[in-house]
Structure formats: structure tokens, C-alpha cells
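Every read-out reported here was derived from the displayed coordinates using simple, explicitly stated rules and does not represent laboratory data. These numbers were taken from a predicted model, which means no experiment stands behind them. Reconstructed Cβ throughout: ideal geometry from the backbone, glycine too, with neighbour counts over all protein chains shown.
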Amino acid sequence: MNKHIKKLLCALLAISATHLQASNRYTNQTYLAPRPHGVNLPMEYTAFHELFERKVGHTFGGNLQVTGFYQGSTESEDIARYFLFNKKDSITLTKAAVAANTTISTAADLDLGYLIHEQAGANAHSAKVTFRPQQQSYGVRFDYRQDLSKIMNGLYFYANVPVVYVENNVRIAVSAAGNYLVADNVTPVDTPVKTVVEKFFNGTFENTGAGNNHQAKLTNARISGKQRTTNLADLDMGLGYHFWNKERFAIALAAAVTIPTGNKAEGVYLFEPLAGNGKHFAVGADLDAHVRIWGRHDHNVKLALVAKYRYLFEHIERRTVGIKGRNWGQYHLLATTNSPAATQQLTPAANVLTFNMDVTPGSQFDGVLNMCYNNCNFSVDLGYNLYYREDETVKLRDTFTDSIYAIAARNFDTSADFLVVAAGAPVTPITPSNRIDGDVANGAASILTNASLDFDRAKTPSQTTHSLYGNLCYHVSQGSNPWLLATGGKYEWPDQNSALQQWSVWGKVGVGF
């Protein structure tokens with residue numbers, strides 16, 4: 001037994017040392033789908049397997065487990081770099097000179113003038129924006145397993161569903177000195193720069209009082225404190241069969257389906273909370289294999305390999321896309337190029353770049369290598385959990401018309417006509433330097449077309465996470481209704497910053513009947 005235990009511990013320590021820190025590969029993203037709460041084999045399998053494997057005193061063949069849990073994320077700097085840009089967990093927004101507007105501004109990390117329009121602002125302004133995203137959740141998970149040996153020897157059915165409260169918080173912090181004054185034409189005047197930037201992101205800032213700086217509120221991809229949801233987070237069901245079911249070892253396979261019951265992305269806020277997998281129907285298969293490597297019925301050590309594969313199909317979600325070549329392009333101010341009106345209102349790009357999209361998550365894998373030590377009424381589970389989900393594919397379902405919107409020049413006067421008028425009819429701008437961001441020769445690059453849209457910003461990249469977990473259980477097998485009480489916990493870390501680093505604890509009660 002010691003030989004097997006040493007090999008298992010060495011393997012787990014090697015995996016832990018290799019993947020202890022997440023690689024900050026991804027940045028400038030607009031959407032993240034964390035691991036669904038119902039996809040959690042350590043929480044599902046530990047202790048419960050002893051209840052349905054023993055079958056002592058069962059009359060009907062049913063087994064029910066109820067698990068209360070809490071889960072929280074850590075290492076928020078990695079997820080900050082995911083949502084910010086240039087792999088930074090804080091950025092500086094500085095207003096640069098806009099008089100000439102002959103080049104795309106590279107002031108600080110991002111020119112503040114792309115977000116807060118000042119056609120002829122007379123004052124220099126700067127703000128530091130820091131993210132510390134965090135998720136916390138808690139709920140109750142229900143696991144049911146039914147022995148169907150009366151129909152066919154070795155046949156069984158299971159169903160799992162959690163009810164979960166999810167709370168996401170980008171935890172934005174803005175630090176800035178000074179006020180927007182009368183000369184800046186920002187309404188209301190004498191407003192602190194910090195307040196204006198905060199209100200821009202939470203969707204409450206607009207400028208209607210100064211004719212040359214008309215600006216609409218941000219309505220999508222907003223960043224505003226805690227966002228919450230409570231929901232039934234997907235029903236997972238399977239029909240399985242034990243191909244081998246001996247005293248010392250057993251192997252079972254199951255066909256499974258996931259029926260979505262939670263919520264989906266709406267694109268209103270950045271880092272939206274999800275209960276479930278985003279409304280994606282899934283099919284797949286399970287493997288459940290275990291062997292008793294030492295001991296007898298009441299005092300033994302078991303090794304188990306359990307895996308669940310699901311393929312998640314396409315479904316419609318609302319997501320915000322980026323603009324190619326632009327850091328945080330979804331927050332840049334746009335003008336409409338086809339409006340002959342003498343006055344127009346600039347709008348944040350996210351307001352028009354949040355679309356209905358066909359999203360396909362694809363393959364998902366959840367597997368555990370579990371070691372269980374049993375001694376009479378007590379059992380201890382220790383193990384390693386691997387979770388994987390492939391790159392999402394996203395396709396535009398709505399239509400986007402080319403050349404209707406352009407990134408506004410930072411010195412554009414919104415009280416003037418955007419178009420050059422010839423013979424009384426609007427025509428394509430011929431001098432974009434005072435209307436479109438960038439120089440005259442390359443200004444067309446700031447006129448948005450379908451080719452300008454960056455769909456990779458709106459998808460969750462592939463995710464691989466590793467977990468170590470443990471569980472302590474007290475179970476009673478005598479009588480017609482065996483039962484258990486258990487408590488456990490898990491620590492999970494990702495390979496890259498496309499997934500959350502998090503920990504969880506749980507307590508469970510189970511009964512067989």
C-alpha cells in the first residue's frame with residue numbers, strides 16, 4: 001500500500017509544481033465564462049461513492065446526497081490582466097493634445113479623450129484604473145443515483161443539479177486628481193475627474209449640455225460594483241451500466257445529457273455572473289472505474305478514476321466584440337458617418353458592438369483520480385481533479401453594416417456636420433483628420449467595417465485547471481437506510497488566466513433507501 005500511496009503523492013506534487021502559477025497569456029478580453037458550478041466531480045463523488053457502492057440494507061435502490069457549499073476566487077490580478085490590456089492589472093488614462101489629431105494617440109496606456117470627449121479641452125487630466133475581479137458563490141447541490149438492477153443487472157440512473165447564488169465584482173478603483181472645469185465643456189462643470197470616469201464605466205455619465213461634446217451613456221459592457229444571479233444551474237443526467245462489478249474492482253460507462261436551466265450572457269455588464277454553462281445543451285459519456293488495492297470490506301484502500309465528457313452545442317448569447325488594433329476599443333467613442341444632422345451624439349462603441357452571437361463551447365472534460373481510505377465507519381478521500389474546456393467559437397448572428405460608424409477624432413466638434421456636403425448631398429468624408437481618429441491617409445482604418453470587428457475578444461479561450469481536494473466522511477451502513485455525514489474542500493488553479501483560481505468548502509448529508 002505504501003508503494004502505491006508514494007507514487008500517487010509524487011505525481012500530484014509534480015503536477016502542482018508545474019502548474020502552480022497561471023500564465024497571463026490573455027488580455028484585452030470582453031467576456032469570461034468560468035467553470036460551471038455543477039461541473040465539480042470532487043464535490044459530487046467524494047463520500048457519495050461509498051453510499052451507492054455498498055448497497056447495504058437498500059430496499060428501493062435509491063441514494064440521495066445534499067451538499068451545501070461555498071466557493072471563492074483568488075489571484076484577482078490575473079483576471080484583471082484578462083479584462084484590461086497590455087497584460088496590466090492597472091492602467092493610466094491620460095488626456096493628450098488633440099489640436100492636430102494627425103496620429104492615433106498613444107498617450108499613457110490609453111488616451112482619456114477616447115472615453116470622455118473634450119473637443120477643445122483646456123486642461124490636462126489623468127486617471128488610474130485598477131481592477132481586482134472576484135467571484136463568490138454558495139448554494140445547495142442535489143445528487144441522486146438510482147440502482148436499476150431490477151430491470152437489468154448493472155444498470156443505474158443518476159441526476160445532479162445545484163441551486164446557486166453567484167456574485168461577480170470587477171472591483172474597479174479609480175484614482176485621479178482635479179476637476180473638469182468650464183473650459184473643458186463637461187457637464188456638470190467642476191466635477192472631479194475621478195467621478196466622471198467612474199460614471200462613464202457604470203453607465204451614468206452623459207454630456208448633453210455642451211454642443212461640441214455631446215456624448216451618450218454607456219449601456220453595455222458596463223462596470224458597476226456587484227452583479228448577482230440566483231438560479232438552478234443545469235440538470236445533468238445519465239444512464240449507466242456496470243460492465244464489470246466484482247468485489248475488488250468495477251468499471252461502468254454511462255451516456256449523459258446536460259439540460260441547461262441557468263442564465264446566459266446579456267452583454268450589459270463586464271464579468272457577468274452565470275449560474276450554469278450559459279444555456280448550452282450538452283451530450284456526453286462517463287467513465288467510473290475503481291479498484292480495492294488493499295484490505296477487505298470494512299478496512300481498505302481504493303483507487304478510482306472517474307471522468308465526465310460533455311460536448312456543449314451552439315446557443316445564442318449577447319456579447320461585446322472588440323475593435324482590431326485598439327486596446328479597449330469597445331469603450332472608444334463613435335460617430336455616425338451617414339448622418340447629415342448638424343449635431344450628433346457620440347456613443348461608446350460597446351453600445352453598438354454588443355450583438356447576438358452564435359456561441360459553441362465545444363468539448364468539456366472533468367476527471368478525478370481519487371484515493372479513498374476506509375476504516376469501519378470513517379472514510380477519507382484525497383485526490384486530483386483535472387478540468388478542461390476548449391476554445392469557444394463565436395459567430396455574428398446579427399448584421400453589422402460597414403462604414404456606418406467611425407472612431408471619432410478627439411477634436412471633433414459634435415455641433416458640426418460630420419459629413420462633407422457637396423451639391424446639397426452628403427458624400428464620403430474627404431478630410432477625416434478633423435472627424436475620424438488618425439491621420440488623413442490612414443483614417444479609413446478607424447471607419448468600422450465587419451473586417452474591423454475583433455470577435456476573439458468576445459470568446460472565452462481554452463481553460464485547463466488543476467485541483468487538489470480532500471473529504472472526511474462518517475457513514476453508517478447498518479439498517480435499511482444507510483446514511484452519511486461529510487465535509488471537504490478543494491483548491492483549484494489554472495494553467496492560464498482564462499480561468500479562475502479558486503477554493504471551495506462543502507458539507508454533505510446522504511441517505512440510501
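Please report the net charge: other residues with Cβ closer than 11 Å to the Cβ of residue 408, K and R +1, D and E -1.
0
Using the per-residue mean of other Cβ atoms lying within 10 Å as a proxy for protection, in what order, highest first, do the peptides 115-124, 494-503 fall?
Ranked by mean Cβ neighbours within 10 Å, highest first: 494-503, 115-124.
Cα gyration tensor of the range 198-319, axes a ≥ b ≥ c as square roots of the eigenvalues: rounded (a/c below 1.5), prolate (a/b > b/c) or oblate?
prolate
R0 = 30 Å: FRET efficiency of residue 97 with residue 171, Cβ-based, nearest 0.05?
The calculated FRET efficiency here is 0.35.
Highest mean first, how do 481-489, 344-352 rank when packing is the count of other Cβ atoms within 10 Å averaged over residues?
Order by mean packing, descending: 344-352, 481-489.
In percent, how large is the relative contact order of the chain, given Cα pairs closer than 8 Å and 6 or more residues apart?
Averaging sequence separation for qualifying contacts and normalising by length gives 20 percent for the chain.
Could I have the simple spin-label model distance between residue 189 and residue 66, label points 7 Å from Cα toward Cβ, reported in nm to one decimal?
Each label point is offset 7 Å from its Cα along the Cβ direction, giving 6.5 nm.
Can you bin the chain into rounded, prolate or oblate? Criterion: square roots of the alpha carbon gyration tensor eigenvalues sorted a ≥ b ≥ c, rounded for a/c under 1.5, prolate for a/b above b/c, oblate for the rest.
Cα axes put the chain in the prolate bin.
Given a Förster radius of 56 Å and the C-beta distance between residue 365 and residue 182 as r, what FRET efficiency does 1/(1 + (r/R0)^6) yield to the nearest 0.05?
Taking R0 as 56 Å, the efficiency between residue 365 and residue 182 is 0.40.
When a/c reaches 1.5 or more, the comparison of a/b and b/c decides; with that in mind, is the range 92-151 rounded, prolate or oblate per its Cα gyration tensor? Intermediate results must be reported in sequence, preceding the final value.
Values: a/c = 6.26, a/b = 4.12, b/c = 1.52.
Prolate, since a/c reaches 1.5 and a/b exceeds b/c.
Work out, step by step, the length gained on full extension between residue 505 and residue 474: first 0.36 nm times the residue separation, then minus their alpha carbon distance; give nm to one decimal.
Extending this stretch completely gives an extra 9.5 nm.
From Cα pairs below 8 angstrom and at least 6 apart in sequence, can you work out the relative contact order of the range 125-194, rounded to a whole percent?
Numbers: 114 pairs, mean separation 26.5, N = 70.
RCO, the range 125-194: 38 percent.
Using r as the Cβ-Cβ distance of residue 285 and residue 404, and R0 as 35 Å, what FRET efficiency do you calculate, to the nearest 0.05?
On the way: r = 47 Å, r/R0 = 1.35.
With R0 = 35 Å, the Cβ-Cβ based efficiency is 0.15.
How charged is the neighbourhood of residue 468? Take every other residue with its Cβ under 10 Å from the Cβ of residue 468, and add Lys/Arg as +1 and Asp/Glu as -1.
0
Work through the residues other than residue 252 whose Cβ is under 9 Å from its Cβ and net out their charges, Lys, Arg +1 and Asp, Glu -1.
So the surrounding residues net to -2.
Antiparallel DSSP bridges in the chain: what percent, to the nearest 5?
95
Which order do the peptides 321-333, 33-45, 172-184 take when ranked by the mean count of other beta-carbon atoms within 10 Å per residue, highest first?
Taking the mean over residues of other Cβ atoms within 10 Å, the ranking is 33-45, 321-333, 172-184.
7 Å from Cα along Cα→Cβ at both residue 253 and residue 378: what's the point-to-point distance in nm?
My value for the distance between the label points is 4.0 nm.
Calculate, axis by axis, the spread of Cα positions in the range 23-167 along the three principal axes, and write the results as whole Å, longest axis first.
83, 26, 25
Just report the Cα centroid separation between the range 465-513 and the range 374-405, whole Å.
Cα centroid to Cα centroid, the span is 20 Å.
Calculate one ³J(HN,Hα) per residue across the range 457-471 by plugging θ = phi - 60° into the Karplus curve 6.51 cos²θ - 1.76 cosθ + 1.60, and present them in order as whole Hz with x for glycine and proline.
5, 9, 10, 7, x, 4, 10, 9, 10, 10, 9, 10, 9, x, 8
Please give the Cα centre distance for the range 21-92 versus the range 290-362, rounded to the nearest Å.
16
Determine the gain in length on full extension of the stretch residue 130-residue 144; use 0.36 nm per residue of separation and subtract their C-alpha separation, reporting nm with one decimal.
0.6 nm
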